[in-house]
Amino acid sequence: MTYEESVKYLYKIAGFAKKSSLEDINYLLEQLGNPHKDLKFVHVAGTNGKGSVCAFLEAVLKEHGKTTAAFTSPHLVKVNERIRLNGQDISDERFKDACNRVKECVEAVVEKGVNQPSFFEMMFLMALCIMEEEQPDICLIETGMGGRYDATNVIIPEVSVITSISMDHMEFLGHTIEEIASHKAGIIKKAIPVVTMEQEQAVSDILREEAKQKMSPFYDVSEDNLKFEEKAAKYIDFLNASAYDKRRDVRTNIAGTFQRANLAVALKTAKILCQQLDADKIYNALSQIKIPGRMEEIAPGIIVDVSHNIQGMAGFVKTVEANFQGKKRILFAASHKNEEEYMKNILKQIPQIEAFYTVAIDHRRIREEEFQNVFRQMIDRREKDTVCFVVGSFYLAGMAKDFINQEEKDVKL
């Protein structure tokens with residue numbers, strides 16, 4: 001298959017497949033030659049912050065001489081974003097070669113009665129095949145949803161990382177924070193270090209108990225910590241979009257006080273992997289990092305953010321209030337209908353909102369024409385100091401980025 005045919009195949013054949021059992025995933029990996037067996041992993045689960053922790057880790061590890069590969073989800077614009085080598089999205093050529101390899105294997109086992117893997121599972125298998133070929137020092141693997149029964153839970157990591165846990169994907173993971181935490185805790189492996197951050201007490205109790213049962217060293221960065229004020233304070237200026245560090249003449253493009261905990265988790269994890277971290281190398285890493293979809297300025301005065309649940313939206317609002325003065329326009333789409341009104345109410349607490357727009361998500365789709373009409377309304381005829389925010393959904397952020405990218409191409413033509 002060509003690259004284009006590979007993408008169509010994944011969406012058409014695997015896009016509506018049901019979740020596979022871990023037994024089926026292990027069987028598929030055996031048929032592929034167990035590409036994961038000789039790789040070193042960091043496994044990352046949680047509700048919010050997984051992508052940021054992986055991005056911090058990529059940057060910090062690179063500055064400390066480590067090569068990396070990463071498997072994350074979802075993507076914003078192009079599906080290749082889900083698999084990265086040393087911080088760079090894989091090429092179309094690499095993508096289609098991996099897809100062809102996995103497709104051939106899957107078709108053979110489906111004939112024997114094994115269920116067709118889902119889109120996410122196919123991408124995970126592809127990622128492991130590419131990682132096997134590349135042999136990086138560290139492979140970063142994000143869970144898709146949950147943890148205990150997630151396809152990625154077949155790996156044995158060097159470190160298990162659990163980011164902030166809140167209510168999300170309740171139709172699959174349970175309707176209490178304890179049920180959701182139990183799913184996430186499932187990535188903890190026997191005697192493998194666990195790094196986490198400040199959690200609700202019920203969540204923390206579940207994570208600690210799972211680690212205790214598996215005799216896994218447990219690091220809570222809200223306690224032992226890098227303690228933010230004492231040890232990580234010198235890096236915090238990098239996490240404020242309006243901060244300017246004159247000593248190193250750099251501006252960060254990372255905003256959000258919530259990123260402090262994500263950075264602390266990443267640094268603790270990096271220290272376990274590298275034993276020793278160098279402060280100047282951490283500064284260099286943070287000065288270059290760009291996290292797609294996290295308070296990302298895609299054009300002057302236009303910022304996208306993928307906060308898509310109540311906890312994430314609360315963090316987004318705090319970040320906007322702390323860093324952006326003046327008039328604001330907001331375009332919002334709710335990933336989860338049951339949280340839509342609550343998130344709207346959170347957003348409307350932001351001072352000086354000049355206009356508030358919404359678009360609807362239906363079966364993980366936003367109508368292109370509807371989006372373009374509303375987006376143009378938001379960005380047209382705004383005053384110079386008005387900032388436009390696009391928030392609430394990965395799909396929405398991706399469409400905004402794609403729109404701006406296309407506009408820039410048209411201008412160049």
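The values are calculated or read from the model by the stated rules, or taken from the named source; none is laboratory data. Keep in mind it's a predicted model, so treat the numbers as computed, not measured. Glycine also receives a Cβ, built like all others from the backbone with ideal geometry; neighbour counts cover every protein chain displayed. Note: areas computed on protein heavy atoms with side chains; ligands, DNA, RNA excluded. Shrake-Rupley method; radii C 1.70, N 1.55, O 1.52, S 1.80 Å.
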Could we say that LYS337 is among the charged types (D, E, K, R) and over 26 Å from LYS78 (Cβ atoms) here?
-> yes
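For region 321-336, which positions are surrounded by fewer than 16 Cβ atoms within 10 Å (Cβ to Cβ) and among the aliphatic types (A, V, I, L, M)? Steps first, answer last, please.
Restricting attention to region 321-336, the residues satisfying the condition of being surrounded by fewer than 16 Cβ atoms within 10 Å (Cβ to Cβ) are 321-322, 325-326.
Selection gives ALA322 alone.
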Kindly check whether there is at least one residue in region 149-168 that is over 30 Å from THR67 (Cβ atoms), open to solvent by 10 Å² or more (accessible area, probe 1.4 Å), in a loop (DSSP other than H, G, I, E, B) and aliphatic (A, V, I, L, M).
-> yes
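Per-residue answers, yes or no, for (1) part of a strand (DSSP E or B); (2) modelled with pLDDT of 95 or more; (3) open to solvent by 10 Å² or more (accessible area, probe 1.4 Å):
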| position | (1), (2), (3) |
| --- | --- |
| CYS54 | no, yes, no |
| LEU57 | no, yes, no |
| ALA70 | yes, yes, no |
| GLY113 | no, no, yes |
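Name the residues in region 292-320 that are in a helix (DSSP H, G or I) and open to solvent by 10 Å² or more (accessible area, probe 1.4 Å), would you?
Start the filter on region 292-320 by keeping residues that are in a helix (DSSP H, G or I), which leaves 310-320.
Within region 292-320, ILE310, GLN311, GLY312, ALA314, GLY315, LYS318 meet the criteria.
Can you name the residue in region 376-399 that is assigned to a helix (DSSP H, G or I) and under 18 Å from VAL320 (Cβ atoms) and is also most open to solvent (accessible area, probe 1.4 Å) among such residues?
ILE379
Out of LEU76, LEU61, report the one residue that is touching a strand residue (DSSP E or B) at 6+ places or on another chain (Cβ under 6 Å) and either among the aliphatic types (A, V, I, L, M) or open to solvent by 60 Å² or more (accessible area, probe 1.4 Å) (or both). Reasoning before the result, please.
On the way: LEU76 fails: touching a strand residue (DSSP E or B) at 6+ places or on another chain (Cβ under 6 Å).
None of the other options fit; the residue is LEU61.
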Every residue from region 341-375 that is assigned to a helix (DSSP H, G or I), more than 20 Å from THR319 (Cα to Cα) and either among the charged types (D, E, K, R) or open to solvent by less than 80 Å² (accessible area, probe 1.4 Å) (or both) | GLU341, GLU368, GLU369, GLU370, PHE371, GLN372, VAL374, PHE375
When the residues of region 253-272 are filtered to those that are in a helix (DSSP H, G or I) and open to solvent by 30 Å² or more (accessible area, probe 1.4 Å), which remaining residue is modelled with the highest pLDDT?
-> ILE272
